[in-house]
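**Student:** Handing you this structure, nothing more for now.
The values are calculated or read from the model by the stated rules, or taken from the named source; none is laboratory data. None of these values were measured; they are calculated from a predicted model. Please note: Cβ atoms are built from the backbone with ideal geometry, for glycine as well, and neighbour counts cover all protein chains shown.
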Amino acid sequence: MAFGAFATAGAATEPVARKRSKIALILLLPGIAYLALFFLVPLVSLILTSFQTPSELAFGEPGVYDYAFKWENYTDVLGLYGEHIFRSFFYALLATVFALLFSYPLAYFIGVKLRRFPLVQALALTLVIAPFFISFLLRTLAWKQILSDDGVVVTALQGLSILGPEAHITGEPIAVIFGLTYNFIPFMTLPIYTSLEKLDLRYVEAGGDLYASPARTFFSVTLPLSAPGVISGMLLTFIPASGDYINASRDFLGSTKTPMIGNVIENNFLVQQNYPAAAAMSILLMAAILVLVGIYVKKSGTEDLI
Amino acid sequence: MAQGSFAEAGADLELVGITKRFPGFTAIEDLNLTIPAGSFFALLGPSGCGKTTTLRLVAGLEDATAGRILLGGKDVTNTKPFQRPVNTVFQSYALFPHMTILENVAFGLKRRKIADAIGLAHEALRLVELDHLAQRKPQQLSGGQQQRVALARAVVNRPALLLLDEPLGALDLKLRRQMQIELKDIQSDVGLTFLHVTHDQEEAMTMADTVAVMNKGQIEQMGAPEELYELPRTAFVASFLGQSNLFTGPVISSTGDVIVVEVGGRKIAVPRERAQRHAGDVTIGVRPEKLVLHTTAPKAAAGTNLIGPGRIVDVSFSGVSTQYLVAVPGLGELVVFAQNMVFGPVVTTGAEVWLTWTVDHGFGLADDPADNPRFVADTDTNALAVQKREKLEAELEEA
């Protein structure tokens, strides 16, 4: 047995390259199969669904459709829900900007100022991801409580006469944008931290040496050098935030004033059983995000990021 | 900060009672130093002697614990780096990786809103013969080219004082020689004050008008290179700047213009005016190239020290000269550099030789021999702390 094992090992060294590519293929196979089954097939099914037409044999019963090529589904949803699409991107953009403004100083503090204290740095990083230990839904519900009409925030603001006696926070756009910002801060902070943690401070010293004030050095040296982190953080926030349907939902921080495109899709799929409209919305959302992100990445000149 | 205009000329740099303490050790202790405008000044010393800290203090990258820094008579101790008319050529070059070479060189000019920054940057790049690479990024350049860009980026600002932090360390020998000459040319052309920090004694001696040898946070000796070499005042200078044969013994007679020291039963004469101490135990020395090798016993002559016989224990040939190691009973091993006037070494290992040198070539040191036995290991806590810090910094640099 032992000799046999050695013999095969010896023989295997000859067509090494071929064997390697075979091994690579075998290792890739589960991934390819998974993606084909759970990404490609649903995508094709979604596209087909988006062109479906109500079945004539169902006699008005909802939720029964036939395959067709009814491209009017797209124009219909655009007419009906254009406002929601716009609102989604508007909320997602604001949340991205707020998350960036909050995360950059935080990431800078952890990645640069805490360098000399590795233990404190590790602790701070753990705290950034600590919210993940609690379910996303629970945390958002908790915020609903905190921001509710008889909660401490609203009563305090009313006490200071900043809010009127009848004013709310929950159900208003501000609550939804706040929720989105809060939920995506770790996704913004971590990539920026990774960029800043590697930042060579000698470049910052060189900036000061070459007559650049600290602010000038930040915008000319530090920020450009951390751009890869900023760009990936913004993508990681903007993309999921524009499709989010939890924060804007009536059960959480939103109301009938705030539905985003995710809520529309959810409603069409699960409540109205208007599958073609929901599918068309999903495809439109996907296409819009692809275009927006494409433009953004092209503008920031970091194609190597994707 | 001077906006929109260049410094008229180099400025004096004056350090008054500078002390710098880091947690756990003192890098610089009560340093006083004046560098006249327009001079090329080298700060020479081993790793951890405080020379880089001195440079960072002048650049404003570190704050002094005590003391004052004056530039052209103006106190700049409490000003920020970007407010000082000083530029640095960093050891690591620190070229901005996201900018082109041209943008790097024009950076300082643009911050000071100097007219035609791009034109001046091109001119500076032509000076270092790299204008054809102006649109490249730093990582596309070789180490030597990056070094020249770093130099152009600093010189283009015409600072009153240019700081050089071992900028030639990463270059190979040929390029280093070339850059040394270029630097010297630029300095005399532009008339700037240069403060050059290095541990390379040859570099310091070839380039600088004045060399200050620094050790353990203090300046041991300062002067023109020839002066430092020919008349070192301390054992540290005598062995850090070139090599020296040092002997320690009591002064047995002190007549006229020579003092005579007894070492291992032999008498060695040193000119009185070249000796720092004239009584008690003293350390005296002579440079290896001043020694003459004899294969037969020469006659004792006035004005000459004669030592021998000794035995050759090692011969190493290095082209221009040959280095002989001669063991003399009672004196230890002496180093002799002899020019190769004939083909190859004149004697081989084991040969019996005598050594002579002109009395005028000897020197006497100021150190108390009791503190400075020959070849003592530097193991005090301060030095260890410094070494440890240097090592850590080197590791960080590599990482």
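**Student:** Which is surrounded by fewer than 17 Cβ atoms within 10 Å (Cβ to Cβ), touching a Ser or Thr at 6+ places or on another chain (Cβ under 9 Å) and part of a helix (DSSP H, G or I), of A:288, A:279?
**Tutor:** A:288 is the lone residue from the list that is surrounded by fewer than 17 Cβ atoms within 10 Å (Cβ to Cβ), touching a Ser or Thr at 6+ places or on another chain (Cβ under 9 Å) and part of a helix (DSSP H, G or I).
**Student:** Here's another thing I want to ask about it. Would you mind stating whether residue A:149 is closer than 21 Å to residue A:217 by Cα, of a type outside the set (Val, Ile, Thr) and surrounded by fewer than 21 Cβ atoms within 10 Å (Cβ to Cβ)?
**Tutor:** no
**Student:** So, one more: Which condition number does residue B:125 fail, the rest of (1) touching a Leu at 6+ places or on another chain (Cβ under 9 Å); (2) closer than 18 Å to residue A:202 by Cβ; (3) of a type outside the set (Lys, Arg) being met?
**Tutor:** Failing condition for residue B:125: (2).
**Student:** Out of everything in region A:191-212 that is surrounded by fewer than 19 Cβ atoms within 10 Å (Cβ to Cβ) and farther than 24 Å from residue B:151 by Cβ, what residue ends up being farthest from the other protein chains (Cβ to nearest Cβ)?
**Tutor:** Going through the qualifying residues, I end up with A:194.
**Student:** Residue A:256 - would you say it is surrounded by 22 or more Cβ atoms within 10 Å (Cβ to Cβ), β-branched (Val, Ile, Thr) and either within 14 Å of chain B (Cβ to nearest Cβ) or not in a helix (DSSP H, G or I) (or both)?
**Tutor:** No.
Yes or no, residue by residue, for (1) touching a helix residue (DSSP H, G or I) at 6+ places or on another chain (Cβ under 8 Å); (2) outside any strand (DSSP E or B):
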{"residue": "B:87", "(1), (2)": "yes, no"}
{"residue": "B:99", "(1), (2)": "yes, yes"}
{"residue": "B:106", "(1), (2)": "yes, yes"}
{"residue": "B:119", "(1), (2)": "no, yes"}
{"residue": "B:132", "(1), (2)": "no, yes"}
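**Student:** Further, regarding this structure: Please verify whether residue A:166 is more than 29 Å from residue A:292 (Cβ to Cβ) and more than 14 Å from chain B (Cβ to nearest Cβ), treating the condition exactly as stated.
**Tutor:** In short, yes.
**Student:** For residue B:126, are the conditions met, namely being under 28 Å from the mean Cα position of the chain (by Cα), away from every other protein chain (no Cβ under 12 Å) and either outside any loop (DSSP other than H, G, I, E, B) or under 18 Å from residue A:214 (Cα atoms) (or both)? I'd like the intermediate steps shown before the answer.
**Tutor:** Numbers: under 28 Å from the mean Cα position of the chain (by Cα): no; away from every other protein chain (no Cβ under 12 Å): yes; either outside any loop (DSSP other than H, G, I, E, B) or under 18 Å from residue A:214 (Cα atoms) (or both): yes.
When the stated conditions are applied, residue B:126 does not pass them.
**Student:** As an exercise: evaluate residue B:297 against (1) in a strand (DSSP E or B); (2) over 30 Å from residue B:51 (Cβ atoms); (3) of a type in the set (A, V, I, L, M) and give the number of the one condition it does not meet.
**Tutor:** Status for residue B:297: all satisfied but (1).
**Student:** Go through B:288, B:271, B:225 for me and flag whichever is out of contact with any His (no Cβ under 8 Å at 6 or more places or on another chain), in contact (Cβ under 8 Å) with a residue 60 or more places away in the chain and crowded, with 16+ Cβ neighbours inside 10 Å.
**Tutor:** Selected residue: B:271, the only one of B:288, B:271, B:225 that is out of contact with any His (no Cβ under 8 Å at 6 or more places or on another chain), in contact (Cβ under 8 Å) with a residue 60 or more places away in the chain and crowded, with 16+ Cβ neighbours inside 10 Å.
**Student:** Can you tell me which residue is nearest to the other protein chains (Cβ to nearest Cβ) among those in region B:151-167 that are hydrophobic (A, V, I, L, M, F, W, C) and in contact with a Ser or Thr (Cβ under 6 Å, 6 or more places away or on another chain)?
**Tutor:** B:163
**Student:** Touching a helix residue (DSSP H, G or I) at 6+ places or on another chain (Cβ under 7 Å), of a type in the set (Ser, Thr, Tyr) and at pLDDT below 90: which single residue out of A:108, A:65 fits that description?
**Tutor:** A:65
**Student:** Among the candidates A:123, A:106, A:138, which residue alone is in contact (Cβ under 8 Å) with a residue 24 or more places away in the chain and part of a helix (DSSP H, G or I)?
**Tutor:** None of the others qualify; the one that does is A:106.
**Student:** Out of the residues in region B:101-111 meeting the condition of being within 14 Å of residue B:124 (Cβ to Cβ) and surrounded by fewer than 23 Cβ atoms within 10 Å (Cβ to Cβ), tell me which one is farthest from the other protein chains (Cβ to nearest Cβ).
**Tutor:** The initial filter retains those residues of region B:101-111 that are within 14 Å of residue B:124 (Cβ to Cβ), namely B:101-110.
Pick out the ones that are also surrounded by fewer than 23 Cβ atoms within 10 Å (Cβ to Cβ) and you get B:102-103, B:110.
Details: B:102: 14, B:103: 10, B:110: 9 Å.
Looking at residues that are within 14 Å of residue B:124 (Cβ to Cβ) and surrounded by fewer than 23 Cβ atoms within 10 Å (Cβ to Cβ), I get B:102.
**Student:** At pLDDT below 90, surrounded by fewer than 23 Cβ atoms within 10 Å (Cβ to Cβ) and not in a loop (DSSP other than H, G, I, E, B): is that true of residue A:297 in this structure? Give the steps one after another, and end with the answer.
**Tutor:** Numbers: at pLDDT below 90: yes; surrounded by fewer than 23 Cβ atoms within 10 Å (Cβ to Cβ): yes; not in a loop (DSSP other than H, G, I, E, B): yes.
So residue A:297 fits the description; yes.
**Student:** Please go through region A:216-227 and pick out each residue that is surrounded by fewer than 18 Cβ atoms within 10 Å (Cβ to Cβ) and touching a helix residue (DSSP H, G or I) at 6+ places or on another chain (Cβ under 9 Å).
**Tutor:** Selection gives A:216, A:218, A:223, A:227.
**Student:** Could you tell me which of the residues B:85, B:97, B:138 is within 14 Å of chain A (Cβ to nearest Cβ) and touching a residue at least 60 places away in the same chain (Cβ under 8 Å)?
**Tutor:** Working: B:97 fails: touching a residue at least 60 places away in the same chain (Cβ under 8 Å); B:138 fails: touching a residue at least 60 places away in the same chain (Cβ under 8 Å).
Unique residue meeting the criteria: B:85.
**Student:** Filter region A:64-116 down to the residues that are over 30 Å from residue A:276 (Cα atoms), surrounded by fewer than 19 Cβ atoms within 10 Å (Cβ to Cβ) and β-branched (Val, Ile, Thr) and list them by number.
**Tutor:** A:97, A:112
**Student:** Considering each of B:243, B:187 in turn, give the residue that is buried (at least 22 other Cβ atoms within 10 Å of the Cβ) and at pLDDT below 90. Explain how you work it out, then say what you get.
**Tutor:** Numbers: B:243 fails: buried (at least 22 other Cβ atoms within 10 Å of the Cβ).
Testing whether each residue is buried (at least 22 other Cβ atoms within 10 Å of the Cβ) and at pLDDT below 90 leaves just B:187.
**Student:** Just to be sure, is residue B:290 charged (D, E, K, R) and closer than 24 Å to residue B:220 by Cβ? Don't jump to the end; show me each part of the working.
**Tutor:** On the way: charged (D, E, K, R): yes; closer than 24 Å to residue B:220 by Cβ: yes.
Spelling it out, residue B:290 is indeed charged (D, E, K, R) and closer than 24 Å to residue B:220 by Cβ.
**Student:** Continuing with the same structure: Go through region B:148-178 and give me each residue that's of a type outside the set (Gly, Ala, Ser), within 26 Å of residue B:37 (Cβ to Cβ) and in a helix (DSSP H, G or I).
**Tutor:** Scanning region B:148-178 gives B:148, B:151, B:153, B:155.
**Student:** Name the single residue, out of those in region B:48-82 being under 12 Å from residue B:27 (Cβ atoms) and either of a type in the set (Ser, Thr, Tyr) or not in a loop (DSSP other than H, G, I, E, B) (or both), that is nearest to the other protein chains (Cβ to nearest Cβ).
**Tutor:** In this case the residue turns out to be B:56.
**Student:** Looking at region A:219-249, which of the residues that are part of a helix (DSSP H, G or I) and of a type in the set (S, T, N, Q) is nearest to the other protein chains (Cβ to nearest Cβ)?
**Tutor:** Taking the candidates together, the pick is A:220.
Matching residues to (1) in contact with a Pro (Cβ under 8 Å, 6 or more places away or on another chain); (2) closer than 30 Å to residue B:47 by Cβ; (3) assigned to a strand (DSSP E or B):
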{"site": "B:213", "(1), (2), (3)": "no, yes, yes"}
{"site": "B:220", "(1), (2), (3)": "no, yes, yes"}
{"site": "B:254", "(1), (2), (3)": "no, no, yes"}
{"site": "B:273", "(1), (2), (3)": "no, no, no"}
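**Student:** Of A:197, A:205, which residue is of a type in the set (Asp, Glu) and without any contact (Cβ under 8 Å) to a residue 12 or more places away in the chain?
**Tutor:** Exactly one residue qualifies, and that residue is A:205.
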